[in-house]
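Quick notes on the structure that follows.
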Amino acid sequence: PGLEPALNTWPPISLGRHVPFGLPPMDDIRFDRSFDLAPGVAEEAAPGVRRLLANNPGPFTFKGTVSYIIGRGQVAIVDPGPDDQAHIDALLNAVRGETVTHILVTHTHRDHSPAAAAIKQATGAKTYAEGPHRAARPLHIGAAARGEASADRDFVPDVAVTDGEAVA
């Protein structure tokens with residue numbers, strides 16, 4: 001009895017190639033594959049913001065993980081990227097002659113945080129993040145931690161930042 005109203009909805013729910021609730025077919029959603037940033041080359045994305053692509057293309061990273069350099073002279077590096085020496089060297093080369101004051105990590109997947117240790121060692125900058133890796137939600141009894149293979153369990157920030165907190 002509790003499901004009957006949901007089963008009698010309009011527009012009808014399709015379990016085929018269309019997504020539920022009458023949304024357009026997935027093949028109608030255009031995916032812009034144009035992204036011409038070459039790996040290892042810092043490019044100005046906006047005034048005071050440079051980006052640098054790691055050469056780690058894949059289904060979750062598209063053409064690769066993008067690290068950001070914010071500022072000039074005294075800079076912050078956002079998402080230093082994977083533990084890839086070529087990417088680490090390119091990041092350090094991009095900030096040569098500048099002072100890295102902060103290393104900010106948005107999340108602890110292996111394509112975003114592992115390079116933080118090498119960047120910290122080379123620059124002396126502190127790392128800032130919400131905290132070490134944790135599961136996205138509590139697991140239920142008998143549940144397996146899916147997707148945890150991508151987790152960087154070694155990363156622990158120097159400074160834990162709470163939601164909404166400003167970093168200066």
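What are the equivalent ellipsoid semi-axes of the stretch 27-135, built from the alpha-carbon gyration tensor (square roots of five times its eigenvalues), in whole angstrom, biggest first?
Calculated on Cα positions only, the semi-axes equal 23, 17, 13 Å.
Amide H to amide H, which residues 5 or more places from Val78 or on other chains are under 5 Å from it, using H placed in the peptide plane?
For Val78, whose amide H was placed from the backbone, the distant partners under 5 Å are Tyr68, Ile69, Ile70, Leu104.
Could you pull out every residue, at least 5 positions away or on a different chain, whose amide H is within less than 5 Å of the one on Ala45? Hs are placed 1.01 Å off N in the peptide plane, and Pro or chain starts have none.
Arg50, Arg51
Whole-Hz ³J(HN,Hα) for each residue in the stretch 99-104, computed from phi via Karplus 6.51 cos²θ - 1.76 cosθ + 1.60 with θ = phi - 60°, x for glycine and proline: what do you get?
10, 7, 9, 9, 10, 9
What are the ³J(HN,Hα) values, in whole Hz, obtained from phi via the Karplus relation 6.51 cos²θ - 1.76 cosθ + 1.60 with θ = phi - 60°, for each residue of the stretch 106-118 in sequence order, with x given for Gly and Pro?
After applying 6.51 cos²θ - 1.76 cosθ + 1.60, I find 6, 6, 9, 8, 5, 9, 10, 10, x, 6, 4, 4, 5 Hz.
With θ set to phi - 60°, apply the Karplus curve 6.51 cos²θ - 1.76 cosθ + 1.60 along the stretch 36-43 and write out the HN-Hα couplings as whole Hz, x wherever there is a Gly or Pro.
Running phi through 6.51 cos²θ - 1.76 cosθ + 1.60 with θ = phi - 60° gives 9, 5, 7, x, x, 10, 6, 10 Hz.
Carbon and sulfur together cover what percent of the accessible area of the stretch 32-91 at a 1.4 Å probe radius?
With neighbouring chains kept in place, the figure for the stretch 32-91 is 53 percent.
The values are calculated or read from the model by the stated rules, or taken from the named source; none is laboratory data. Since the structure is predicted, the reported quantities are computational estimates derived from the model, not experimental observations. Remember, those area values only see protein heavy atoms, side chains included, never the ligands or the DNA or RNA. Shrake-Rupley method; radii C 1.70, N 1.55, O 1.52, S 1.80 Å.
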